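Quick notes on the structure that follows.
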Amino acid sequence: MNENLFASFAAPSMMGLPIVVLIVMFPSILFPTPSRLINNRLISIQQWLIQLTSKQMLAIHNQKGRTWALMLMSLILFIGSTNLLGLLPHSFTPTTQLSMNLGMAIPLWAGTVVTGFRYKTKASLAHFLPQGTPLPLIPILVVIETISLFIQPMALAVRLTANITAGHLLIHLIGGATLALINISATTAFITFIILILLTILEFAVALIQAYVFTLLVSLYLHDNT
């Protein structure tokens, strides 16, 4: 049971070769670059959503922070499309792997921290010690603030991994229960099937929300350092 339950989270391979790289690159095909004077409806909706999201996310940033616009929009499109593609049958969701999420979170977090120390050195160092701190508490607060700073990328990666993994496990369990109940009680199987449909709709929303939350937190870290 455990092997079947977690089999969908195993990295896929073809002829003994891992194909994770191809899966990670696949979502980029879904967002074609417009090459016509008048775009079709799909590309127009795509551009409108990107502009709306970027305008909302970059409203709090100064000119230095807005230079990260392309990075942030690419990040939210990649995570959102990867999460949605993972909901298809017999598919693989790379964002259920903690290693991949850490691979996204750590460089982005490090980039914001380095930017802060480069352009706002005094303000960045001031975050380690709040104003008006009593003298005996200074060493303890510096240690606590340092630990909280280094926990930020771990929190980003674990939040995304836990939410996506939990949703997929619930869909797998309820789907298996629905199949098992068909021969026992058709009424109960129908009820669990309705629950499965509602959970799948919720998981579609969670896939987009988690992409937005991940990118928004990176944006807030950037805002604190620019």
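The values are calculated or read from the model by the stated rules, or taken from the named source; none is laboratory data. Bear in mind that the values here come from a model prediction, so they are computed numbers and not experimental data. Quick reminder, even Gly has a Cβ in these numbers, built from the backbone with ideal geometry, and neighbours come from all protein chains shown. Quick note on the areas: whole protein, heavy atoms, side chains included, nothing else; ligands and nucleic acids left out. Shrake-Rupley method; radii C 1.70, N 1.55, O 1.52, S 1.80 Å.
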Scanning the range 183-193 for residues that are open to solvent by 40 Å² or more (accessible area, probe 1.4 Å) and part of a helix (DSSP H, G or I), which turns out nearest to Thr93 (Cα to Cα)?
Phe193
Among the numbered criteria (1) touching a helix residue (DSSP H, G or I) at 6+ places or on another chain (Cβ under 8 Å); (2) under 30 Å from Leu52 (Cβ atoms); (3) not small (Gly, Ala, Ser), which one does Leu196 miss?
(2)
Being surrounded by 13 or more Cβ atoms within 10 Å (Cβ to Cβ), modelled with pLDDT of 85 or more and in a helix (DSSP H, G or I): is that true of Leu170 here?
yes
Positions within the range 194-212 being among the charged types (D, E, K, R) and open to solvent by 30 Å² or more (accessible area, probe 1.4 Å), in sequence order:
none
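Have a look at Thr165, Thr215, Thr226 and point out the one that is open to solvent by less than 40 Å² (accessible area, probe 1.4 Å), in contact (Cβ under 8 Å) with a residue 24 or more places away in the chain and either on the phi > 0 side of the Ramachandran plot or touching a Lys or Arg at 6+ places or on another chain (Cβ under 6 Å) (or both).
Thr226
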Scanning for something open to solvent by 60 Å² or more (accessible area, probe 1.4 Å), within 30 Å of Met100 (Cα to Cα) and not aliphatic (A, V, I, L, M), does the range 175-182 turn up at least one residue?
no
Could you please let me know if Leu208 is over 22 Å from Gly103 (Cα atoms) and either in contact with a strand residue (DSSP E or B) (Cβ under 7 Å, 6 or more places away or on another chain) or in contact (Cβ under 8 Å) with a residue 24 or more places away in the chain (or both)?
no
Going residue by residue through the range 211-220, is there one that turns out to be hydrophobic (A, V, I, L, M, F, W, C), more than 15 Å from the chain's Cα centre (by Cα) and part of a helix (DSSP H, G or I)?
no
